[in-house]
Amino acid sequence: MRAAVYYGPAGSWPQKPMVVTEVPEPRLEPDDVLVRIAACGLCRTDLEYLKGAPIPKQPPIIFGHEPSGIVAEIGTNVTNVKPGQRVLVATPIPCLSCSFCQSGRQNLCPNMMVVGATHNGAFAEYVVAPHWGVCPLPDSLPIEESSVITDAVATCYHALCNRARVRRGDTVAIFGASGGLGLICVQIATAFGAKVIGVGRKKWKLQKARELGAAEVLGLQEIEQADRAVRNLTGGGADIAIDVTGVPAMIENAFRATKPGGKVVVVGFSFEKFQLSVNRLNWLELNVIGSKNYNVRELPKVISLVERGFVKLDQIVSHRFKLEQINEAYQMLDKGEMLRGIVLL
Ligand SMILES: [Zn+2]
Ligand SMILES: [Zn+2]
């Protein structure tokens, strides 16, 4: 099969770190589903790997952890999907037997399988995954654009619904609202009846956040203090502030924009450190909450939300690439030139 293989080590970035070549098809075990990939989303995590962040699986590795496709073959123990069925493959696939999995926090499973990180992924014609990580995709959703549900949309859903526990009437300030994850958060928070304030670098880039439901938008380059502006707009601070950037200054802004007793949820991924005032943290009893991926059980709920039109994939997927363009695609992602890109197989 054709696949984009990363041979490592990093250092070749931003040249052509991945090579499209012929590799053997993955082997099917009794619990596995073999999926013929239709599309796979591009993600910043891969970019971190390409730039030298430690990869769980030693190269050579095939990246790609946001796959959609059609079931090609099933193992002897598989009953939840059939050959020919349209499916998504979950990004985090838990073991289901450890104490975290048993207590409902599957996304913290220490034995987590991630296609494209711990195992070969979906920048390839085929991928295998255990059946509990494979979820049917309704006919009404476009198979290619739906690939971004398995990481980007589901991760935002988990942050808002599981970690922040957003409720109707909450004010939710989203830091990084003009990017792909931010625009997904805007739509999900709006779907749950929250009043959304979108915060981003440039106000003109936030126009889309407004179209997708944000009641207010704030450009960090136009106003001096975004945190104060959020506090003014909300009469004392947002109930929930979400950071999707992982940038320390943004997280610190989010922290100061949250009302007493409120929640700051950090979804953006980075290796950086941020500083928060202890005084503000305990005096206002703020809750600073991390959020990682999602629980595989949440995926059908996320698909249903998209199916009912609350998340518009065509507003999020801005770029489509062929597998042969994968290096150029990641260079574009690095320059911040796309909302969310997908590779078509
Ligand atoms: Zn990802
Ligand atoms: Zn587990």
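The values are calculated or read from the model by the stated rules, or taken from the named source; none is laboratory data. All values derive from a computational prediction rather than experimental measurement. Cβ: placed from backbone, ideal geometry, glycine included. Neighbour counts: every protein chain shown.
The figures follow:
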| read-out | value |
| --- | --- |
| Pair list, Cβ under 6 Å, 6 or more apart: region 82-106 residue hydroxyl-bearing (Ser, Thr, Tyr), other residue away from ligand 2 (no atom under 15 Å from the Cβ) and part of a helix (DSSP H, G or I) | Thr91/Thr150 |
| Selection status of Ile289, surrounded by fewer than 18 Cβ atoms within 10 Å (Cβ to Cβ), aliphatic (A, V, I, L, M) and within 23 Å of Ile93 (Cα to Cα) | yes |
| Residue, modelled with the highest pLDDT, within region 324-345, restricted to residues that are under 21 Å from Ala177 (Cβ atoms) and in a loop (DSSP other than H, G, I, E, B) | Lys335 |
| Residue in region 116-125 that is under 16 Å from Asp31 (Cβ atoms), out of contact with any Pro (no Cβ under 6 Å at 6 or more places or on another chain) and buried (at least 21 other Cβ atoms within 10 Å of the Cβ) present | no |
| Boolean, Ser304 is within 17 Å of Cys156 (Cα to Cα), of a type in the set (Gly, Ala, Ser) and free of Cβ contacts under 8 Å to residues at least 60 places away in the same chain | yes |
| Residues of region 230-271 that turn out to be assigned to a loop (DSSP other than H, G, I, E, B) and out of contact with any Leu (no Cβ under 9 Å at 6 or more places or on another chain), as a count | 8 |
| Answer residue from region 41-50, given it is near ligand 1 (Cβ under 10 Å from one of its atoms) and of a type in the set (A, V, I, L, M) and is surrounded by the most Cβ atoms within 10 Å (Cβ to Cβ) among those | Leu42 |
| Matching option when the condition is over 19 Å from Ile342 (Cβ atoms) and surrounded by fewer than 24 Cβ atoms within 10 Å (Cβ to Cβ), among Ala38, Ala53 | Ala53 |
